[in-house]
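Heads up, the thing below is written out as structure tokens.
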Amino acid sequence: EAGVTQSPTHLIKTRGQQATLRCSPISGHTSVYWYQQALGLGLQFLLWYDEGEERNRGNFPPRFSGRQFPNYSSELNVNALELEDSALYLCASIRRTSGSYEQYFGPGTRLTVT
Amino acid sequence: AQSVTQLDSHVSVSEGTPVLLRCNYSSSYSPSLFWYVQHPNKGLQLLLKYTSAATLVKGINGFEAEFKKSETSFHLTKPSAHMSDAAEYFCVVSDAGGTSYGKLTFGQGTILTVHP
């Protein structure tokens, strides 16, 4: 079974630009979660998508947004990039119908804002 | 609201000696608890999970954790450390209810160093 995949592995942007990060969940998983792991701030919940809808978001400004496609893959968009957006962005997926809360994580996208 | 406190930011052990990584949690609902490990420049790997079944949970690579409701603790242990265990470990809680479904709250992490 293929795991969660994320692309790109690394992304370098300049302040003010937009970044797009992509995530493909494990086959059969319908929920996708995004997390930010910034130096000194730990892992923080960003967004949760399930069945194409945004179900919950963490304490992040609206310039962090995303969507989930019919095939359950997901995209995270970060607009008007700021230096402090530099972080490892992790995507995770879950099979809600299993009743399990166990999330499977991808390898992450490292975003560097200069 | 849920929260997790990992009591040690760094733990250093010698190879072959026991490992203890401490975690306390707070949750409004019946929580699910997890330990994840992250090796340098890698994603997160699930070590073990507690979901209201047996209070002593066995995971991969010889790790185990005991859920103690009275102490609101979920400490991670391993009888004998291996060099490959050197990594950062995260204690995680997930509430079962409503819009928090599946939302994970992470502790700040404990970096485990294993000396030869």
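What FRET efficiency do you get for residue B:42 and residue A:17 if R0 is 30 Å and r is their Cβ-Cβ distance, rounded to the nearest 0.05?
Approximately 0.65, to the nearest 0.05.
Would you mind calculating the gained length between residue B:60 and residue B:5 on full extension (0.36 nm times residue separation, minus the Cα-Cα distance), in nm to one decimal?
17.5 nm
Mind listing the phi-derived Karplus ³J(HN,Hα) values for the stretch B:68-80, rounded to whole Hz, using 6.51, -1.76 and 1.60 with θ = phi - 60°, and x for any glycine or proline?
Listing the rounded values in order: 10, 5, 4, 9, 6, 10, 8, 6, 9, 9, 8, x, 9 Hz.
If R0 is 41 Å, what FRET efficiency do you get for residue A:9 and residue B:53 from their C-beta distance, rounded to 0.05?
0.65
Would you mind giving the average projected area, over all directions, of the Cα convex hull of the protein assembly as shown in nm² with one decimal?
Computing the convex hull of the Cα atoms and averaging its projections yields 12.5 nm².
Take the solvent-accessible surface of the protein heavy atoms, probe 1.4 Å, and return the percent of it on chain B that carbon and sulfur atoms account for.
52 percent
So for B:113, B:105, what's the accessible-area order with a 1.4 Å probe, most first?
I get B:113, B:105, largest accessible area first.
Of B:49/B:69; B:78/B:103; B:49/B:78, which pairs sit farther than 20 Å apart, going by alpha carbon to alpha carbon?
Violating the 20 Å Cα-Cα cut-off are B:78/B:103.
Amide H neighbours of residue B:8 under 5 Å, counting only residues 5+ apart in sequence or on other chains, H built in-plane at 1.01 Å?
Amide H neighbours of residue B:8: B:22.
With a cap of 15 neighbouring Cβ atoms within 10 Å, and only residues DSSP puts in a loop, list the GluC sites (Glu not before Pro) found in the stretch B:55-95.
Filter output for the stretch B:55-95: B:71.
Work through the residues other than residue B:21 whose Cβ is under 13 Å from its Cβ and net out their charges, Lys, Arg +1 and Asp, Glu -1.
For residues surrounding residue B:21, the net value is -3.
Buried accessible area between A and B (1.4 Å probe, both chains summed, ligands and nucleic acids excluded), in Å² to the nearest 100?
So the total buried area for this chain pair works out to about 1800 Å².
Quick one: Karplus J couplings for the stretch A:41-50, per residue in order, coefficients 6.51, -1.76, 1.60, θ = phi - 60°, nearest Hz, x for Gly and Pro?
Using θ = phi - 60°, the values come out as 10, x, 8, 10, 5, 9, 8, 10, 10, 9 Hz.
At a Cα cut-off below 25 Å, give the lysines reachable from residue A:13, other chains included and same-chain residues fewer than 8 away excluded.
Straight-distance partners of residue A:13: B:42.
Remind me, relative contact order of chain B in percent, using alpha carbon pairs under 8 angstrom and six or more residues apart?
Averaging sequence separation for qualifying contacts and normalising by length gives 37 percent for chain B.
In percent, how large is the relative contact order of chain A, given Cα pairs closer than 8 Å and 6 or more residues apart?
Normalised by residue count, the contact order of chain A is 36 percent.
The values are calculated or read from the model by the stated rules, or taken from the named source; none is laboratory data. Model, not experiment: these values are computed from the prediction. Cβ coordinates were reconstructed from backbone atoms using ideal geometry, including for glycine residues, and neighbour counts include every protein chain displayed. These accessible areas exclude ligands, DNA and RNA; they are computed on the full protein's heavy atoms, side chains included. Shrake-Rupley method; radii C 1.70, N 1.55, O 1.52, S 1.80 Å.
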